[in-house]
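Peer 1: What follows is a single structure, and I will ask about it in a moment.
The values are calculated or read from the model by the stated rules, or taken from the named source; none is laboratory data. All values derive from a computational prediction rather than experimental measurement. Here the Cβ is made from the backbone with ideal geometry for all residues, glycine too, and neighbour counts use every protein chain on show.
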Amino acid sequence: MTAKGKILLIDDDRDFLMATRLIFEKSGYEVFLAESGKSGLDMIQSISPDLAIVDMMMETWGEGFDVISKIRSMDMGKDMPLIVLSAVDLQGPYQSYQPSDEFPKVNMVLHKPVKADDLIRYVGELIG
């Protein structure tokens with residue numbers, strides 16, 4: 001059986017990574033984990049995922065945004081579906097999250113915790 005697609009999870013919360021990996025693997029996706037923005041960027045180059053899910057706040061408040069900007073600047077990341085996760089209440093510019101130079105385009109912004117069924121459905125909408 002071939003996987004439905006390759007998903008890269010970029011988050012510094014190991015428990016979240018492990019739990020989310022199980023959810024996606026049970027649904028037939030191939031899952032790759034990165035515990036930092038830098039390792040996530042390296043993995044994009046090596047595995048060419050179909051979609052990446054990036055935590056907004058990792059070691060620093062804006063690390064997720066830096067990672068997204070760098071993904072969007074890569075040839076293989078220009079059109080890759082991106083989901084941003086946040087454990088903080090999304091206020092101000094993040095609430096509507098319109099693409100701009102400062103805030104690159106993402107496909108979806110979700111608030112943690114996300115229900116497993118919802119996450120699977122959102123990913124299915126983005127990559128089938």
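Peer 1: Which numbered condition trips up Pro49, out of (1) modelled with pLDDT under 95; (2) assigned to a loop (DSSP other than H, G, I, E, B)?
Peer 2: For Pro49, the exception is condition (1).
Peer 1: Taking the criterion of being small (Gly, Ala, Ser), crowded, with 16+ Cβ neighbours inside 10 Å and either at pLDDT 50 or above or more than 12 Å from the chain's Cα centre (by Cα) (or both), would at least one residue in region 98-107 satisfy it? Spell out the reasoning first.
Peer 2: Here is the first cut: in region 98-107, the residues small (Gly, Ala, Ser) are 100.
Then keep just the ones that are crowded, with 16+ Cβ neighbours inside 10 Å; that gives none.
No, the conditions are met nowhere in region 98-107.
Peer 1: In region 11-37, what count of residues is obtained for those that are under 15 Å from the mean Cα position of the chain (by Cα) and not in a helix (DSSP H, G or I)?
Peer 2: 11
Peer 1: Please go through region 58-93 and give me each residue that is buried (at least 16 other Cβ atoms within 10 Å of the Cβ) and modelled with pLDDT under 75, ordered by number.
Peer 2: Met58
Peer 1: Could you grab the pairs with beta carbons closer than 8 Å, sequence gap of 6+ or different chains, first residue in region 1-24 and within 19 Å of Met76 (Cα to Cα), second one acidic (Asp, Glu) and part of a loop (DSSP other than H, G, I, E, B)?
Peer 2: Partner pairs satisfying both residue conditions: Gly5/Asp50; Lys6/Asp50; Ile7/Asp50.
Peer 1: Now for a different question. If you check every pair at least six apart or on different chains, which have Cβ atoms under 8 Å apart with a residue in region 48-59 that is more than 12 Å from Asp13 (Cβ to Cβ) and free of Cβ contacts under 8 Å to residues at least 60 places away in the same chain first and a residue that is basic (Lys, Arg) and surrounded by fewer than 22 Cβ atoms within 10 Å (Cβ to Cβ) second?
Peer 2: Every condition considered, the pairs that remain are Ser48/Lys6; Pro49/Lys6.
Peer 1: Looking only at region 27-48, which residues are charged (D, E, K, R) and in contact with a helix residue (DSSP H, G or I) (Cβ under 9 Å, 6 or more places away or on another chain)? Steps first, answer last, please.
Peer 2: First, the residues of region 27-48 that are charged (D, E, K, R): 30, 35, 38, 42.
Across region 27-48, the qualifying residues are Glu30, Glu35, Lys38.
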